[in-house]
Amino acid sequence: MKKTGLILGPLVLALIASFGLPKMSAFAKHRMGMTDMIGAAKTSADHEKLAAHYEQEAKAARAKAEEHKMMADAYRKGGGPLIEKLHFDQHCDALSKSYTSMADDFEALAKAEHEAAKQANK
């Protein structure tokens, strides 16, 4: 029995890791792609493409902020001693605030890229 666990444990971990590898690879490729895009941005179209990406990121961050705001409200409505002790609502409030700040930053980046696109045309 113990021998089976010693064999199956690493196999299960390897299987779980194999499902995550494509996602990690895609994430790394996406991030490296952004770095390359930023470094190569020379034309108006390049800057507009970056602006569009930042606007999409801002939209996603705002959605996450709203999701966590609703979660905080749900925790407050549910209440109970465990909720009050662990402050789940406060954690969600903090995440909502953080995502809102992130969205603001992405919107500022998008605005700057739109301005860079205008300057590239000159």
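Please work out the average accessible area per residue across segment 77-122, using the 1.4 Å probe convention, and give it in Å². Before the final figure, lay out each step's value.
Working: 3390 Å² over 46 residues.
With all protein chains present, segment 77-122 gives 74 Å² per residue.
For every other residue with a beta carbon closer than 11 angstrom to the beta carbon of Ala41, add +1 if it is Lys or Arg and -1 if Asp or Glu, then tell me the sum. Mind showing how you got there, number by number?
Numbers: positive: Lys42, Lys49; negative: Asp36, Asp46, Glu48, Glu113.
In short, -2.
How much accessible surface area, in Å² rounded to 10, belongs to the heavy atoms of Ser44 with a 1.4 Å probe?
Number for this one is 30 Å².
Determine ³J(HN,Hα), in whole Hz, for all residues of segment 47-52 in sequence, where each value follows from phi through the Karplus function 6.51 cos²θ - 1.76 cosθ + 1.60 and θ = phi - 60°; x replaces Gly and Pro.
5, 5, 5, 5, 4, 4
Before I look further, what does segment 29-76 give for accessible area per residue, probe 1.4 Å, in whole square angstrom?
Spelled out: the 1.4 Å probe surface of segment 29-76, per residue, equals 65 Å².
The values are calculated or read from the model by the stated rules, or taken from the named source; none is laboratory data. Just so we're clear, the structure is a prediction, and the values are computed from it rather than from any experiment. With ideal geometry, Cβ positions are generated from the backbone for all residues, glycine too; neighbour counts draw on all protein chains shown. To get the accessible areas, we keep the full protein, side chains included, count just its heavy atoms, and leave off ligands, DNA and RNA. Shrake-Rupley method; radii C 1.70, N 1.55, O 1.52, S 1.80 Å.
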